[in-house]
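The values are calculated or read from the model by the stated rules, or taken from the named source; none is laboratory data. Predicted, not measured: the structure shown is a model, and the values here were computed from it. Because the Cβ atoms are built from the backbone with ideal geometry, glycine has one as well, and the counts that use them run over all protein chains shown.
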Amino acid sequence: MLLLEIGEVLGRIDLKRELIKELERQSGNLQRLMNTPNIDEAKLATLLNKQKELIDSLHSIKGQPGSHLKTHELLVAVKQRSVIPGGLCDFDIPSLHFWLKQPSSVRHEYLAHWIEPFDTIRAANELILNLIRNSVTPLRVTAENGFLQQSIDPGAPFQLLRVAVNDDSDYYPEISAGKHRFSIRFMQMDTLTGHPVQKTEDISFQLYTCRL
């Protein structure tokens, strides 16, 4: 089902064009750093070459990503029946249950074949996000009474906000943002009702305001 959802998402938006646009933007920004003192020029050149390879690979993709899934009869049947309660039982779609009973090596081979056309999309997306995520050093900030609000410079908006808390924390961040400011609330969930309640004590955490 996850594979079908990926195909649906990629079929609705011009992801290829947006990835190329962002890779070219990042590449242009990085090229301006080439002669900066203390820059590892060899590492930077490797990164620029990788960006160029991905741009060329994206240009070479024919048609809409995920279109190959729409012509596979088993996947089409699963998609059609999945919207019906109980529609995936072995009586209604025996071909799926036959496939599920195949050895894991056979099923893995099928999955690898279905996923392979997404490899370039995945690689480009990972490179873009990794560069953005690692573009800044985190700041240690405090959310007073579980709440933090900060202004955003409209001339240099953030591309991504990251909040880092301990894995064993009994709360989670709820983030909202607009053109001029962003806010972070730390919430705790009532295990019985599932109702979230804002924490009332000060919470120290790491904040990444990512921009490249």
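Tabulated data for the structure shown
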| read-out | value |
| --- | --- |
| Condition check for Ala42: in contact with a Leu (Cβ under 8 Å, 6 or more places away or on another chain), in a helix (DSSP H, G or I) and assigned by TED's automatic domain parsing to the domain that holds Leu10 | no |
| The stretch 177-199 - residue that is among the charged types (D, E, K, R) and within 27 Å of Asp153 (Cα to Cα) and, of those, surrounded by the most Cβ atoms within 10 Å (Cβ to Cβ) | Arg185 |
| Residue selected from the stretch 188-212 under the condition in a loop (DSSP other than H, G, I, E, B) and in contact (Cβ under 8 Å) with a residue 24 or more places away in the chain, by the criterion nearest to Gly28 (Cα to Cα) | Leu212 |
| Single residue of the stretch 200-212 satisfying the filter (surrounded by 18 or more Cβ atoms within 10 Å (Cβ to Cβ) and aliphatic (A, V, I, L, M)) that is farthest from Arg133 (Cα to Cα) | Ile203 |
| Residue that is nearest to Leu75 (Cα to Cα) [pool: residues in the stretch 86-110 that are of a type in the set (A, V, I, L, M) and surrounded by 12 or more Cβ atoms within 10 Å (Cβ to Cβ)] | Leu96 |
| Enumeration of residues in the stretch 194-212 that are modelled with pLDDT under 95, hydrophobic (A, V, I, L, M, F, W, C) and within 22 Å of the chain's Cα centre (by Cα) | Cys210, Leu212 |
| Answer from Ser95, Ser60, Ser151, Ser104 - the residue that is among the polar types (S, T, N, Q) and closer than 21 Å to Arg17 by Cβ | Ser60 |
| Whichever residue in the stretch 109-143 is of a type in the set (Ser, Thr, Tyr) and over 15 Å from Leu10 (Cβ atoms) and, among such residues, is modelled with the lowest pLDDT | Ser135 |
| Number of the exception - Ala112 against (1) within 30 Å of Cys210 (Cα to Cα); (2) within 23 Å of the chain's Cα centre (by Cα) | (1) |
| Search result, residues across the stretch 59-92 that are under 18 Å from Glu5 (Cβ atoms) and of a type in the set (A, V, I, L, M, F, W, C) | Leu69, Leu74, Leu75, Val76, Ala77, Val78, Val83, Ile84, Leu88 |
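A quick yes/no check of all residues on (1) more than 30 Å from Val76 (Cβ to Cβ); (2) modelled with pLDDT of 90 or more; (3) of a type outside the set (Val, Ile, Thr):
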{"residue": "Glu8", "(1), (2), (3)": "no, no, yes"}
{"residue": "Leu19", "(1), (2), (3)": "no, yes, yes"}
{"residue": "Leu33", "(1), (2), (3)": "yes, no, yes"}
{"residue": "Thr36", "(1), (2), (3)": "yes, no, no"}
{"residue": "Ile39", "(1), (2), (3)": "yes, no, no"}
{"residue": "Ala45", "(1), (2), (3)": "yes, yes, yes"}
{"residue": "Lys52", "(1), (2), (3)": "yes, yes, yes"}
